Amino acid sequence: MKRDDLEQLMFEDSRILWKFRGPEDLDQWLVTSDKEMGGKSEAYLTLSENNTAFFHGVTNIEVPKDGVTRYSGYAAMRSKQRKAAFNRRSQMDLTPFNILNLRVRGDGRSYMITLAPESYFSSQWDDLWCYFFFTRGGPHWQDIQIPFSKFFLTSKGRVQDAQSAVPKDRINTIGITLGDKINGPFELEIDFMGVTMDLTHKEEFAYEQYYQGPRRKRFTKKPLLSTKDW
Amino acid sequence: MSPYISPLFGLAMGSSVLLISSSTHWVFVWLGLELGTLAFIPMLAWWHSSLEVEATVKYFIIQAMAAAVFFFGGLVMTSTEYISGLSQFVGNFGEVLIMFSIIMKLGLVPFHYWVVDVVQGLNYLPGMVLLTWQKVPGLMVLVQLVSMQNGLILLIFGALSAFWGGLGGLGQTQMRKLLAFSSIAHLGWLVSGCVVGTMLGSMYFILYVVLSIPVFVFLYILNNTHLNQVRASLVSNPVAAMVVGVGFLSLAGLPPFMGFFGKWLVLTWLLNNFLVGGAVALVVGALVSLFYYLRVSYMCMVILGPQQIMVSLSWRKGFMGSLLGGLVVLNLLGLLLVGGISSLSK
């Protein structure tokens with residue numbers, strides 16, 4: 001192991017994943033919207049005047065008349081899949097960290113951070129861990145810190161009953177989605193995205209799990225021979 | 001899962017070992033293997049998270065494939081040689097198939113790739129059971145199959161496992177993957193010991209289990225899945241961190257810890273039987289794996305990161321302190337045991 005990797009293991013408490021300063025930083029991201037399935041939303045990712053990422057466009061919740069689509073009006077940006085040698089997918093290992101940091105300046109709308117992990121079976125390919133962040137809309141930058149313990153599991157846009165913590169060791173892509181069912185323009189300026197290790201944050205997973213389904217009563221007080229129902 | 005049903009699975013896993021140990025017919029041995037596997041599957045997916053379910057399905061597929069190969073080997077043997085006792089399977093294709101199926105079940109090189117992925121997806125406790133108890137049925141079948149004809153193949157696979165387990169763990173920072181590669185390396189030593197003598201293999205296995213359990217349990221208590229987190233545990237729970245550090249030194253086979261004792265016995269027996277090549281290969285593998293054992297111990301016991309001075313110590317250490325102290329002493333007993341048990345082997 002190289003000396004700098006060992007130092008990284010020993011001392012690293014934070015890491016900047018993306019720092020948007022030029023066109024080459026934007027090339028690592030993909031932008032999508034419901035236009036791909038017949039919608040009317042538009043989304044763009046450009047470089048702002050301050051040399052930061054500028055995610056902007058227009059959301060339109062009008063449902064395309066194809067008889068299949070029931071909801072519309074989203075725009076998303078997602079990091080490109082990292083590749084290793086021989087075109088293999090490479091994952092980000094964020095296990096040493098427990099907080100996701102963002103420095104953004106928004107328009108007051110509510111956005112969603114999505115983490116897409118590597119999955120082996122096809123039933124898990126649509127799994128996304130999501131959490132929301134709310135922008136203030138003012139001229140001041142926001143420093144947003146989202147613990148990884150707060151992310152919840154969704155699949156194909158539906159929150160799952162069986163929840164679990166995000167698998168931080170195999171993150172394929174990180175994305176930002178806007179789908180707040182509002183018609184109109186949106187603007188989100190992003191300075192950087194990073195991760196931090198906060199030793200005082202001990203929470204592993206924020207959501208309790210409850211047994212689902214009917215429970216058969218094991219112990220009843222009814223005697224074997226009961227005259228109650230005679 | 002209901003807590004009332006887990007004793008049933010535990011009973012089934014224990015019964016599988018009894019069935020294998022008391023059977024000579026290969027069908028009942030296969031039955032015992034499958035009983036143990038199927039009883040263990042629900043325990044893997046205890047917490048129902050997507051990662052654990054994925055690991056469980058991977059484990060099931062591999063074990064089912066191995067079981068199919070085992071059954072096919074038994075059918076080939078019975079149809080060609082008209083014998084059914086497992087210890088009578090010597091020197092033909094059916095025996096080779098059965099041996100390869102057991103190698104696949106154990107996770108020995110070259111069928112070791114599933115071990116890392118499965119253990120990485122599991123929690124520490126089911127992973128611990130997978131890497132310790134679930135080896136017992138396979139090893140019990142393997143010692144019945146060892147003969148002059150296939151001993152060399154097993155020694156080669158054992159040496160390769162020891163080397164590959166060391167090589168694979170070099171670049172790992174995930175603790176569970178590291179423990180999986182460590183287990184592959186130790187399995188190489190274990191199989192080499194089984195080839196030389198059943199008693200030696202049993203001794204090494206018991207030592208490995210005794211060494212592994214505290215490491216797994218305290219990594220579970222510390223909730224550390226990455227090397228970086230191990231570094232931070234020295235301040236939050238220093239006794240647990242020390243146990244993990246000492247445990248890894250013991251797994252590395254360094255004297256005076258108990259892990260050295262097992263390796264020393266295997267090497268002695270290999271050299272007494274003039275299997276110098278195997279001994280050299282095992283030692284080289286141990287040296288390679290020593291790197292990551294030392295790295296973990298160094299991170300556990302030696303260094304402090306810049307952020308750690310601010311973190312307060314955990315206060316619930318009353319019972320744990322004495323328990324952990326006992327486990328550290330257990331590791332140091334390796335030196336005392338050298339004289340005693342080595343004389344028994346003579």
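Every read-out reported here was derived from the displayed coordinates using simple, explicitly stated rules and does not represent laboratory data. In this text the structure is predicted, and so the values were computed from the model without any measurement. Virtual Cβ from ideal backbone geometry, glycine too; neighbours counted across all protein chains shown.
On the stretch given as region B:230-248, residues that are surrounded by fewer than 21 Cβ atoms within 10 Å (Cβ to Cβ) and within 13 Å of another protein chain (Cβ to nearest Cβ) total 2. Looking across region B:237-277, the residues that are touching a Ser or Thr at 6+ places or on another chain (Cβ under 6 Å), more than 30 Å from B:THR198 (Cβ to Cβ) and part of a helix (DSSP H, G or I) come down to B:ALA241, B:GLY245.
Going through region A:58-86 one residue at a time, which ones are part of a strand (DSSP E or B) and among the basic types (Lys, Arg)? Quick ask: steps written out before the conclusion?
So in region A:58-86, the residues part of a strand (DSSP E or B) come out as A:58-59, A:75-79, A:82-83.
Once the filter is applied, which keeps residues that are part of a strand (DSSP E or B) and among the basic types (Lys, Arg), region A:58-86 yields A:ARG78, A:ARG82, A:LYS83.
With free of Cβ contacts under 8 Å to residues at least 24 places away in the same chain and away from chain B (no Cβ under 12 Å) as the only criterion, which of A:ARG158, A:ARG109, A:ARG136, A:ARG105 stands out? Explain how you work it out, then say what you get.
Details: A:ARG109 fails: free of Cβ contacts under 8 Å to residues at least 24 places away in the same chain; A:ARG136 fails: free of Cβ contacts under 8 Å to residues at least 24 places away in the same chain; A:ARG105 fails: free of Cβ contacts under 8 Å to residues at least 24 places away in the same chain.
Selected residue: A:ARG158, the only one of A:ARG158, A:ARG109, A:ARG136, A:ARG105 that is free of Cβ contacts under 8 Å to residues at least 24 places away in the same chain and away from chain B (no Cβ under 12 Å).
Scanning region B:252-276 for residues that are without any contact (Cβ under 8 Å) to a residue 60 or more places away in the chain and either of a type in the set (Ser, Thr, Tyr) or exposed (fewer than 15 other Cβ atoms within 10 Å of the Cβ) (or both) gives B:LEU271, B:ASN272, B:PHE274, B:VAL276.
Look through B:PHE100, B:PHE40, B:PHE70 and report the one residue that is hydrophobic (A, V, I, L, M, F, W, C), surrounded by fewer than 21 Cβ atoms within 10 Å (Cβ to Cβ) and either more than 14 Å from chain A (Cβ to nearest Cβ) or in contact with a Phe, Trp or Tyr (Cβ under 8 Å, 6 or more places away or on another chain) (or both).
Working: B:PHE40 fails: surrounded by fewer than 21 Cβ atoms within 10 Å (Cβ to Cβ); B:PHE70 fails: surrounded by fewer than 21 Cβ atoms within 10 Å (Cβ to Cβ).
None of the others qualify; the one that does is B:PHE100.
Residues A:ARG103, A:ARG109, A:ARG158, A:ARG78: which one is out of contact with any Phe, Trp or Tyr (no Cβ under 8 Å at 6 or more places or on another chain) and on the phi < 0 side of the Ramachandran plot? Steps first, please.
Numbers: A:ARG103 fails: out of contact with any Phe, Trp or Tyr (no Cβ under 8 Å at 6 or more places or on another chain); A:ARG109 fails: out of contact with any Phe, Trp or Tyr (no Cβ under 8 Å at 6 or more places or on another chain); A:ARG78 fails: out of contact with any Phe, Trp or Tyr (no Cβ under 8 Å at 6 or more places or on another chain).
On inspection, the qualifying residue turns out to be A:ARG158.
So which residues in region A:69-98 are surrounded by fewer than 17 Cβ atoms within 10 Å (Cβ to Cβ) and of a type outside the set (S, T, N, Q), if there are any at all? I'd like the intermediate steps shown before the answer.
From region A:69-98, those surrounded by fewer than 17 Cβ atoms within 10 Å (Cβ to Cβ) are A:69-71, A:80-90, A:93; that's our starting set.
Of everything in region A:69-98, those that are surrounded by fewer than 17 Cβ atoms within 10 Å (Cβ to Cβ) and of a type outside the set (S, T, N, Q) turn out to be A:ARG70, A:TYR71, A:LYS80, A:ARG82, A:LYS83, A:ALA84, A:ALA85, A:PHE86, A:ARG88, A:ARG89, A:ASP93.
Check region B:29-44 and report whether any residue there is closer than 30 Å to A:LYS168 by Cβ and in contact with a Leu (Cβ under 7 Å, 6 or more places away or on another chain). Yes: region B:29-44 contains one or more residues that are closer than 30 Å to A:LYS168 by Cβ and in contact with a Leu (Cβ under 7 Å, 6 or more places away or on another chain).
Considering region B:162-193 alone, what residues qualify as being away from every other protein chain (no Cβ under 14 Å) and not in a helix (DSSP H, G or I)? Within region B:162-193, none qualify.
Among the residues making up region A:137-180, those that are farther than 30 Å from A:TYR210 by Cα and not in a strand (DSSP E or B) are A:GLY137, A:GLY138, A:PRO139, A:HIS140, A:TRP141.
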